[in-house]
């Protein structure tokens, strides 16, 4: 029986093995983004804080008294041992020592994403009870260019999204065990508490997961006709165990709060209305973080979610009656629908400070995928298999075509608009590696200075680390010519001095559009 089962699913297993290896290698071959040096710096501060606490050292960690101290250490504890492993297989020849430290963290981000797919598959199977569908849906999820691209470098949002997905699996598992079998498994409660605290250690706003837990609990109580107070009294020991483990492990994962636990409240308040002044180009308008219109989230979801997922969501009225005749669908799918829709609506109505398209609500995307794919499956089972397979192949093609800029992917609605004038481009700065490669190969005179808004990101990959770099604010000062100007991220439209000529451009095409999207430019000023 086991041999037959392996034979039936061996193609899936082969895909996952190849995908896992390829993802790690690809993550080591992208640029270094602007968030990574800061995150590593905060990690180093936290390590010094731990050293001061246990070893009585006297490191200066005063910066942790600002918002820098509102980050936990959970992701770095997992990353550290993996970095040691991957460093043995990673070539450091074409990158500086500082850049190597940052780049070697990328595989851990990808591994978070890969692990999330395991639990994504489990949730799909819990709802559909169809192994083939759950495996195929997982391939679709793993091949989605937008998240796949983020998994190469996004050291905060991808782990947060992944752990949220795991938390979702465990709340379903625990609720099912209790309401169907009238028991809690202590092992599950311990894991559940630890995973929840780990989520909080990535981003303090992980506290929002308790809203999802509450929705699941209330819906299960309603369907099984149980009383909330009676449920609480009956399971007071289990609830107390969860609370003790959750608060204890969360406290441990925030070294900066060891001397003052009240900082938790300050951190939650700070990230609830984060002071971010950047604006995000959305349908041609640069929407400011501090004053977002309610349409912001919906516009980005419309253009970022795959067309197939949008179709699945549209099918809801046509399958609702059939879908909710099944109690399992009511409990799991119903809870997910309420969670996702209300969080999005609350964020939109209260104009929560968001930026860089949907990265702050990336944790909802796997849940949206689950909802939509299950709706599609319930509408036409056979058709869902064909469409998911077809879109997965299309995703694979797109991933190859746009690498390393997969995270910029838009769905096929991009053919209706001019992307370069309507949406953010390479706002993470992945193009810096390509720019550095050009400067290494073509701009070989090391006495010629380079001026860029992302000097550090470029310098990590420059072969001559003594090369002249000048900050961007010196662009319009009197500089010795010739010199190079590299424009990346949101600086592509910055004014240039006279007699500057384009010598290199980073370009991609998305989907079937003929539009060439310019992500970065290098000028030579003579």
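Residue 401 satisfies every condition listed in (1) closer than 26 Å to residue 298 by Cα; (2) within 22 Å of the chain's Cα centre (by Cα) except (1).
With the requirement that a residue be surrounded by fewer than 18 Cβ atoms within 10 Å (Cβ to Cβ) and closer than 15 Å to residue 411 by Cα, what does segment 278-309 give you? Once the filter is applied, which keeps residues that are surrounded by fewer than 18 Cβ atoms within 10 Å (Cβ to Cβ) and closer than 15 Å to residue 411 by Cα, segment 278-309 yields 283, 298, 302, 307. Residues of segment 57-65 include at least one that is at pLDDT below 95, more than 29 Å from residue 372 (Cβ to Cβ) and under 25 Å from the mean Cα position of the chain (by Cα). For segment 336-424, the helices (runs of 4 or more DSSP H) that sit wholly inside it and include 2 or more residues that are buried (at least 21 other Cβ atoms within 10 Å of the Cβ) and in contact with a helix residue (DSSP H, G or I) (Cβ under 9 Å, 6 or more places away or on another chain) are 365-379, 381-402. Evaluating residue 182 against the criteria (1) modelled with pLDDT of 95 or more; (2) on the phi > 0 side of the Ramachandran plot leaves one unmet condition, (1).
If you check residue 115 against the conditions, is it in a helix (DSSP H, G or I), touching a residue at least 12 places away in the same chain (Cβ under 8 Å) and either touching a strand residue (DSSP E or B) at 6+ places or on another chain (Cβ under 7 Å) or under 25 Å from residue 370 (Cβ atoms) (or both)? Break it down stepwise before answering.
Numbers: in a helix (DSSP H, G or I): yes; touching a residue at least 12 places away in the same chain (Cβ under 8 Å): yes; either touching a strand residue (DSSP E or B) at 6+ places or on another chain (Cβ under 7 Å) or under 25 Å from residue 370 (Cβ atoms) (or both): yes.
Spelling it out, residue 115 is indeed in a helix (DSSP H, G or I), touching a residue at least 12 places away in the same chain (Cβ under 8 Å) and either touching a strand residue (DSSP E or B) at 6+ places or on another chain (Cβ under 7 Å) or under 25 Å from residue 370 (Cβ atoms) (or both).
Residues in segment 510-526 that are touching a helix residue (DSSP H, G or I) at 6+ places or on another chain (Cβ under 8 Å) and closer than 20 Å to residue 489 by Cβ: 510, 515, 517, 518, 519, 520, 522.
Just checking, does segment 331-340 include any residue being within 25 Å of the chain's Cα centre (by Cα), closer than 30 Å to residue 279 by Cβ and modelled with pLDDT of 95 or more? For segment 331-340, residues within 25 Å of the chain's Cα centre (by Cα), closer than 30 Å to residue 279 by Cβ and modelled with pLDDT of 95 or more: present.
If you go through segment 178-198 and keep only what is free of Cβ contacts under 8 Å to residues at least 40 places away in the same chain and touching a helix residue (DSSP H, G or I) at 6+ places or on another chain (Cβ under 7 Å), you end up with 183, 185, 188, 191, 195.
Scan segment 315-323 and give yes if some residue there is closer than 19 Å to residue 361 by Cα, surrounded by 15 or more Cβ atoms within 10 Å (Cβ to Cβ) and in contact (Cβ under 8 Å) with a residue 60 or more places away in the chain, otherwise no.
Going residue by residue through segment 315-323, those that are closer than 19 Å to residue 361 by Cα are none.
Within segment 315-323, not a single residue is closer than 19 Å to residue 361 by Cα, surrounded by 15 or more Cβ atoms within 10 Å (Cβ to Cβ) and in contact (Cβ under 8 Å) with a residue 60 or more places away in the chain.
Matching residues to (1) in contact with a strand residue (DSSP E or B) (Cβ under 9 Å, 6 or more places away or on another chain); (2) farther than 30 Å from residue 421 by Cβ; (3) at pLDDT 95 or above:
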site	(1), (2), (3)
273	no, yes, no
277	yes, no, no
287	yes, no, no
304	no, no, yes
344	no, no, yes
360	no, no, no
368	no, no, yes
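For segment 276-296, the condition of being within 24 Å of the chain's Cα centre (by Cα) and under 20 Å from residue 64 (Cα atoms) holds for at least one residue.
With respect to the stated conditions, residue 218 is without any contact (Cβ under 8 Å) to a residue 12 or more places away in the chain, in the same structural domain as residue 161 (by TED's automatic domain parsing) and either at positive phi or surrounded by 13 or more Cβ atoms within 10 Å (Cβ to Cβ) (or both).
If you go through segment 63-86, how many residues are farther than 21 Å from residue 115 by Cα and not in a loop (DSSP other than H, G, I, E, B)?
Restricting attention to segment 63-86, the residues satisfying the condition of being farther than 21 Å from residue 115 by Cα are 63-71.
Next, from what is left, pick out any that are not in a loop (DSSP other than H, G, I, E, B): 63-65, 67-70.
The qualifying residues number 7.
Among the residues of segment 87-107, the ones that are assigned to a loop (DSSP other than H, G, I, E, B) and surrounded by 15 or more Cβ atoms within 10 Å (Cβ to Cβ) come to 6 in all. In the set 493, 507, only one residue is modelled with pLDDT under 90 and within 34 Å of the chain's Cα centre (by Cα); that residue is 493. Cβ-Cβ contacts under 6 Å between residues 6 or more apart (or on different chains), taken from a first residue in segment 265-292 that is under 20 Å from residue 250 (Cβ atoms) to a second residue that is surrounded by fewer than 15 Cβ atoms within 10 Å (Cβ to Cβ) and at pLDDT 90 or above, are absent. Of the residues making up segment 459-501, those that are part of a helix (DSSP H, G or I), surrounded by 13 or more Cβ atoms within 10 Å (Cβ to Cβ) and in contact with a strand residue (DSSP E or B) (Cβ under 7 Å, 6 or more places away or on another chain) number 2. Restricting the search to segment 310-330, which residues are modelled with pLDDT of 95 or more and either closer than 23 Å to residue 211 by Cβ or in contact with a strand residue (DSSP E or B) (Cβ under 6 Å, 6 or more places away or on another chain) (or both)? Passing the criteria: 313, 316.
Answer yes if at least one residue in segment 112-121 is assigned by TED's automatic domain parsing to the domain that holds residue 386, modelled with pLDDT of 95 or more and within 24 Å of residue 322 (Cβ to Cβ), and no otherwise.
Step one: of segment 112-121, the residues assigned by TED's automatic domain parsing to the domain that holds residue 386 are 112-121.
The next check asks that each one be modelled with pLDDT of 95 or more; those that pass are 112-121.
With the extra rule that they be within 24 Å of residue 322 (Cβ to Cβ), the set shrinks to 120-121.
Yes - at least one qualifying residue is present in segment 112-121.
From the list 89, 54, exactly one residue is without any contact (Cβ under 8 Å) to a residue 40 or more places away in the chain and either within 17 Å of the chain's Cα centre (by Cα) or closer than 21 Å to residue 463 by Cα (or both). Which is it?
Values: 54 fails: either within 17 Å of the chain's Cα centre (by Cα) or closer than 21 Å to residue 463 by Cα (or both).
Of the residues listed, the single one that is without any contact (Cβ under 8 Å) to a residue 40 or more places away in the chain and either within 17 Å of the chain's Cα centre (by Cα) or closer than 21 Å to residue 463 by Cα (or both) is 89.
Across segment 439-450, a minimum of one residue is classified as buried (at least 17 other Cβ atoms within 10 Å of the Cβ), touching a strand residue (DSSP E or B) at 6+ places or on another chain (Cβ under 8 Å) and either part of a loop (DSSP other than H, G, I, E, B) or without any contact (Cβ under 8 Å) to a residue 12 or more places away in the chain (or both).
The values are calculated or read from the model by the stated rules, or taken from the named source; none is laboratory data. Quick caveat: nothing in here was measured; it's all calculated off a predicted structure. In this analysis, Cβ positions are derived from the backbone assuming ideal geometry, glycine residues included, and neighbour counts consider all displayed protein chains.
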